Structure formats: structure tokens, C-alpha cells
């Protein structure tokens, strides 16, 4: 019997429709997506869903085709031509003939001048080519699930952790179900639904609070016999009709049971809708608490500049939290990273060990929230310059190669600021260690992070403080003009 031919691909982007950061072809990797053999080599051995698909296919002795691995930091809508090119690579591979398709997707991709449902549109294109070919899909916990995604997939499974440490397991679950289906062991059916609730990302920590209960309801459905059940927190900074919480349940033949389980999962979240809302406090009050913690403990204390978190699509160059921290007398701060290619170029030109005075950050305007970029004039010594590359060693995206672009460290005496050419979430100690900074030795770590700091930086911290700064990842939704989202929806319409 001839080996099965399977297409395995990755297209990952979480789109913040309020973000001014562009998402061209080049954003999907070091210089663009990995194609063909390079796609396989880039993903192999990592802990992402596509790696699980590869491992499962090898166990089945399948012929593997990897048309593309495309992963970009969250940012503004994806360039239409880049999207067409990435989708074209996948569709061409399917058109050449295959027995199954395995897709590592995000679930919250919006495409400029094309579609508000990037994943659903891709699946629809594949279905037009291969109407009967089974398709397994892994989705991020923050997916805004749509009817098209469910209609044109055979099985769907999503992450159950945030911070996301189970990407591989999500791919393993989705892929295993499809292989069981291919062997005739099960006949999967899916049910899905949503509720009019925009859950704040800061309230989606799966280890506590309402999101823990939401995910536990999904786990309970799996324990009761469902093949897979996923509670999706959704991505609330995508101004699309389907934004918000949802759930998908996969059952063996019994659609009614799947729908009942799906409704029960969603009811668990809706009962706690008020607990999904983050309510902040003045920045100065938060920093005063951080100073007390730092003075008493010696640090490190985490200053979480969550409104400027690039993994929610922010510009990563807002200086408001740092400026306020310095004004209140905090020192011994390691900041990282701040995206400012112009400042990096100036420091590279000056060279290591030399003193510079220059504007840092604030180069990007944020028209969606009516803010102009505001740079901060700083003087200091250039302590290091690197190529900005490192490999993740922590529990999130383990083994993934990261590309910050050229990176320089500016030491102002009060703060050591890691400045990069490209956006980079501080999801691994490598953002500091790769430039010679030992994070555990600092009094404060100013991280432009919402949740990914937790597995890596929280274990070394003496405390953490949420700092409500300025950025297009703000949790103050009064700043944003939602035009497409379904209404009424909580808490926009309390």
C-alpha cells in the first residue's frame, strides 16, 4: 500500500486592527516565510503545533510536503499580496494531490483589502480545490473562531494554556484525531458557538480566575468522552464581527452531544462575565508600589508595560512607563526590548563604549487612539551591540530561533535599555542574556508584556506590577472606535 501524502503548513498571525505596525511578507520570519524544505527544518524539534504534525506523520510513514512555515508577531492587518502568496503555496501543494492537510493556524488574522477572516478564507480556498480531503487545524487560545473555520475543517483543537506552553500538545491532539479518522476508527463531528463577551487579555490567565474555569469546563468535556474541546478566549483588539469568546467541541458521530458540551462550556464563561474585565489604576500609583517592593526586596520587580505589548500588536516603542519610573526615582532598571531602528543605527555608528545622546522610542504614531509618537531624549553609554539572534530555551516556543534585528544596549546609569530593530516579545530570558544582561541581578525589569513573562520571569521576581501605559494594546477600550464588532457585546455595552 502506497504511503499517504500529507500537506503540513503553518500560517500564524494575530491581527490588531488598531495597530499601525505593518505586516508585509518580510514580517513572517527573518526575511519572510520559510518555504519547502526550509519550512520543515525551521519547525522541526520545536514545541509548536506544526512540529507535532510532522512527528505524527513520520510515525505513519507518510510522504510529507511542507509548502510554508509563516509566523509573524502580532501587528496590523496582513498585506494582501503577502497573504495571497502564502495561501498560494499551500493551495498549490494541495492541488498537486494529497490525502490529508494539517494546518498550524492562529485564528485571528485580518487581511488588508481581502478578508476579516484570514483562516476561514484560506480553508475555503482549500475546500474549493479538495472538497473531500480531511483537514486538521490547530488554533491559538485567542482565536476569533468563525463559522467558515468550522465548516471547512474536519477537526479543530486549540491551546488550553495562556501563557501558551501547550502548542505542541494542541497540534498532537488535532493531528491524532485526523489520523484516527483516516484509519476509520472515528467519524468526527464538530459543534461550536460563541457569546457576546470581549474578555480582556489580562484576565485570560489559564492558571487562575474565570479563564481557568472556562478551560476546565473544556477539559471536563474531554473527560466525559468528547474527542476534543477548546475554550477560546478570543482576541479583542480585532475589530471584526466574530471577535469574542467561543468554544469548539469534537465528538465521534454524536453532534447533539458535542453541541450540549459546547453550550455548557460557554455557559461557564458567561456566568463569570464580569470577572473577565480588567480595571486598572493610575500609573503613578502602580509605580509607587513597585518602588516600595524594589526598596524592600532588592528585586527584581517586574514593571509590566502591557499597553505596549507587541504580542498584542503594539508598536513597542512607547516610553511613557519608563519616563514615569525615572521621574519617581526608580533605578537599576533593565528595559527590553524597545523597538527603534533609528536609535540602533545611531548606537552602531557610535560603537561600543562610547557615549551618545539621542531620542529613543516614540517613532510610531498611533492614529487609532489619537496619539502621536513621543520620543525620550536619553544620554548614556553604548554597552553592547549584537545581531539580535537567540534561541528560546524557556517553556514557550522552545527551540524557536528569534530575530530581533540589530540590537544595542544603552546604559543611562539608571537604566539599561535593550533597543532593537524589530519587535520582540520578552518571552524568554534570551532578550536580555543575548546582550549580556543578567535579568536576575536587576532591581527592576521593565517588560512590554501581558502574560508571556510569567513562565520565565515570574520565577525570579520578587513581585510584579501592572503598569497602565500608552499603546494600541491598551485594556482601556474607551480609546478604541469599534465599527464592525457585533453589538451589543459585554463590556462595551454593559
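What follows is calculated from the coordinates using simple rules that are stated; it is not laboratory data. Just so it is clear, the model here is predicted, and its values are computed rather than measured. Positions of Cβ are backbone-derived with ideal geometry, glycine not excepted, and every protein chain shown enters the neighbour counts.
Taking a quarter of the surface of the convex hull around the Cα atoms of the stretch 283-474, what do you get in nm²?
Convex hull of Cα atoms, orientation-averaged projection: 9.3 nm².
Computed from Cα atoms, the angle from the helix 341-350 axis to the main principal axis of the chain rounds to 50 degrees.
Rounded to the nearest 0.05, the FRET efficiency derived from the C-beta distance between residue 289 and residue 5 at R0 = 60 Å is 0.55.
The angle separating the long axis of helix 49-59 from the principal Cα axis of greatest extent in the chain is about 40 degrees. Taking each DSSP H run with n ≥ 4 as -39500 (n - 2.57) and averaging over every residue of the chain yields -8500 deg cm²/dmol at 222 nm. Computed over Cα pairs, the Kirkwood radius of the stretch 5-276 leads via Stokes-Einstein (0.890 mPa s, 25 °C) to a diffusion coefficient of 135 µm² per second.
Computing FRET efficiency as 1/(1 + (r/R0)^6) for residue 279 and residue 95, where r is the C-beta to C-beta distance and R0 is 41 Å, gives about 0.20. For 291, 478, 462, the sequence from fewest to most other C-beta atoms within 10 Å is 478, 462, 291.
Distance distribution P(r), the stretch 267-340, all Cα-Cα pairs, bin width 10 angstrom from 0: 16, 40, 29, 13, 3 percent. Given the C-alpha centroids of the stretch 203-249 and the stretch 25-54, what is the distance between them in whole angstrom? Between the Cα centres of the stretch 203-249 and the stretch 25-54 lies a distance of 27 Å.
What's the Cα-based Rg to Rh of the chain, Rh via Kirkwood? Taking Rh as the inverse mean 1/r over Cα pairs, Rg/Rh reads 0.98. Using a simple spin-label model with pseudo-atoms 7 Å out from Cα toward Cβ, residue 60 and residue 132 lie 1.7 nm apart. Extending 7 Å from the Cα toward the beta-carbon at both residue 389 and residue 254 defines two label points whose distance is 5.2 nm.
Reported to the nearest whole Å, the Cα centre-to-centre distance from the stretch 416-494 to the stretch 316-345 is 13. Taken along the Cα-to-beta-carbon direction at a fixed 7 Å, the label points for residue 494 and residue 272 span 2.1 nm. The ranking of 444, 452 from fewest to most other beta carbons within 10 Å of each one's beta carbon is 452, 444. How much of the DSSP beta bridge set in the stretch 5-276 is antiparallel, as a percent to the nearest 5? Percent antiparallel among DSSP bridges in the stretch 5-276 is about 40. Run the numbers on the stretch 5-276 and let me know its relative contact order in percent, using alpha-carbon pairs under 8 Å that are six or more apart. About 19 percent, as a whole number. Taking Cα atoms only, the orientation of helix 283-297 departs from the longest principal axis of the chain by about 80 degrees.
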